1. Which ones in the stretch 149-201 are among the small types (Gly, Ala, Ser), assigned to a helix (DSSP H, G or I) and in contact with a Lys or Arg (Cβ under 7 Å, 6 or more places away or on another chain)?
2. Any idea which of 291, 332, 284 is surrounded by 15 or more Cβ atoms within 10 Å (Cβ to Cβ), part of a loop (DSSP other than H, G, I, E, B) and in contact with a Lys or Arg (Cβ under 9 Å, 6 or more places away or on another chain)?
3. So for the stretch 607-618 (the condition being over 30 Å from residue 218 (Cβ atoms), in contact with a Gly (Cβ under 7 Å, 6 or more places away or on another chain) and part of a strand (DSSP E or B)), does at least one residue qualify?
4. Taking the condition of being of a type outside the set (Gly, Ala, Ser), over 24 Å from residue 540 (Cβ atoms) and not in a helix (DSSP H, G or I), how many residues in the stretch 202-216 meet it?
5. Residues in the stretch 366-409 that are among the hydroxyl-bearing types (Ser, Thr, Tyr), modelled with pLDDT of 80 or more and either surrounded by 12 or more Cβ atoms within 10 Å (Cβ to Cβ) or not in a strand (DSSP E or B) (or both): how many?
6. Test residue 485 against the stated conditions and say whether it is in contact with a strand residue (DSSP E or B) (Cβ under 9 Å, 6 or more places away or on another chain) and surrounded by fewer than 16 Cβ atoms within 10 Å (Cβ to Cβ).
7. Tell me, yes or no, whether the stretch 244-261 has at least one residue that is touching a residue at least 60 places away in the same chain (Cβ under 8 Å), surrounded by fewer than 21 Cβ atoms within 10 Å (Cβ to Cβ) and part of a helix (DSSP H, G or I).
8. If I filter the stretch 440-463 down to residues being touching a strand residue (DSSP E or B) at 6+ places or on another chain (Cβ under 7 Å) and assigned to a helix (DSSP H, G or I), which single residue comes out as nearest to residue 475 (Cα to Cα)?
Amino acid sequence: MYLKYVRREKHVGGKVLTQKYYRLTESYRDSNGKTRQHMLLALGYLPELPTFEQRDMYMRCLNALVLRGEYIICDDKNVSSKVNDTYNELKSRGLINNIITNSRDVAKAEKAREEHERKCGYITTKSFFDQKLTNARSVGMENVCLSILRKLGLEKCLIDNGLSRDEARVALVQVAARVIFPCSEYRTAKYLRNESSLCEMVGVNSEKITKDVLYGSARKLYGIHKEIEDFLHDRVVTMFDIHEKIYLLDLSNTYFEGRYTLSDLLARGRSKEKRTDCKQVVFGAVVNTDGLLVRTDIFEGNAADYKCMQPMIDALKDGTDKENLIIVMDAGMSGVENIKWLKDNHYKYITVMRGDSACTPLSERVVTVKDEKKQDIKLRLVKLDRKPAVNAKTGAMDDYTGDAFLQVDSYAKALKEKSMADRTDALFVDGLKAIDAGLHKAGGTKKRDRVLERLGRLEQKTGTAHLNYDIHFEYDEHDTTTAITWKRKAERVEKQNSFHGKYIVRTNITEKDEETIWNYYNVIRTVETVFRVLKNDLDIRPVYHKSDEGIKAHLHLAILAYWVVSTARYMLRRGGIKAEWWSLRPVMNKQIVATSTASLSNGEKIAVRKCSEPEDDLLQIYDTLKVGHIPIKARKFVWTQKADFKKSESWKSGG
């Protein structure tokens, strides 16, 4: 017996709905040996069995009960109830005996199947336990990455911008591999051949993927990076119906390791990784409040933050609504020229003031809010006590007209800053004591120049701690240091402590209440998350490439990989899964695809290429991202002992 359905139209509320009307049907052979069909019961629309899995289980249970008298235990109460109702209906109509009579054809079919197995072979018990699992490849994370790339439509974008279909597929594999296994092109090629199923899933011959192919692919991608960014941004905004009001600007840098070459990008600058021994390159990002990229750019390693803001905003796509857009940036970009440029171009902005936070409250009103860690933060509108800043080179003066200034006072931040200041202060004092000890022991550093050199290294190590002390040296007639004394500047330290945990937020937005300004500024944490993912999860550092073209291609490849990560995390957040990318990796890497090989009774061999079933936590991710559970369909290969099985292993080459 089986289910057969016809399509029927129903008129509901003025609309025409098409539904499936099911009939319980059996097959039999007439006197001429021809196969016929006979309807047993009209089951209707089966609203109690809405899914295919339920209907399949229903037919399995019903056939077992009617044909063999076996009752299959089913956890689904709807299925069990429907099976019992159908069986009772068949019994009341006297159809059970007819079905059993017709089931003799089933017995004939079973006998024919056994004869076929005898001729063609079957897996014996011994060969079942002797079967081998080979060519295991990871498939879970690959499934997620490729599904996201297909949702984004990256392959079509690449083809529309001049890449061939084969080049576009290699690019998809490379971007996905960057998300899964971020490493050099040489190691990526080995990974694709030996550990990942990416090539098999996309249809690319993994043997043809070499480091040179990947080098060339990355450079072709960077050649159309603006077109790709515009396409992906428009695609994501449309797909998720995102209305952008705030753009976040920030810069970061990554250092270079290896032998330096003639490069215009590599230069020494302030390294955020404290790698002052290495040259570096700076990259900037414009991000929306959902952590999705809007525009990226690459600058020289010694580029100052304030010089990078205008090119990044100018690079925004034409048609951006400047009047309603708010630019949020940190103190590094809030120079006099940048603020003036933003005002002249009618941009709204929120930034942090440079320098100390000396100010006068405009009123007694203090608003208390909570940060992400549920710690109190006090907000107060203030007036600055200092005069407007002046650009030393151009002579341009800052204009405070129309701006509001918000003092942010965080107790937790104050404790952290005081702890850091006390630590560097203690390190500086310990260094002074070490210098003093060297003056009073044999072989110690005593010469004037050497002592001052030692003090200079100490000051470089401890930042501005030396400004809190008055230091005096005593020398003899041989220019030898005989004594060193120091005294702490109590007033300066006390004034410095009063600024701990406080900073000034400046803005020209029309909403001038404290909490609104704070909420707008607080989203800058999002762009910090972007750089953390790029550096930690996608391993954008260090850079080993020796040419500017290679450096740009390397950074751009990591940025494309971030599009996959950010899109996946956005969809997961909407589905209630709030997790860091590094914590999702082990879950997605649980599913694999492997080849099971066994011998048949007739001497032939059979191999089945099949994916493992995803576990519950991975199923939750798949369902949230709307990704198929089995990325590679099961395939069977049968061959004789004399045949060369290697020619049949088409999954190795993605065929």
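The values are calculated or read from the model by the stated rules, or taken from the named source; none is laboratory data. It should be emphasised that the depicted structure is a prediction, and the values quoted were computed from it without experimental measurement. Cβ: placed from backbone, ideal geometry, glycine included. Neighbour counts: every protein chain shown.
1. Within the stretch 149-201, 189 is the sole residue that qualifies.
2. So the residue among 291, 332, 284 that is surrounded by 15 or more Cβ atoms within 10 Å (Cβ to Cβ), part of a loop (DSSP other than H, G, I, E, B) and in contact with a Lys or Arg (Cβ under 9 Å, 6 or more places away or on another chain) is 291.
3. no
4. Residues flagged as of a type outside the set (Gly, Ala, Ser), over 24 Å from residue 540 (Cβ atoms) and not in a helix (DSSP H, G or I) within the stretch 202-216 amount to 2.
5. Number satisfying all stated conditions: 2.
6. yes
7. no
8. Result: 448.
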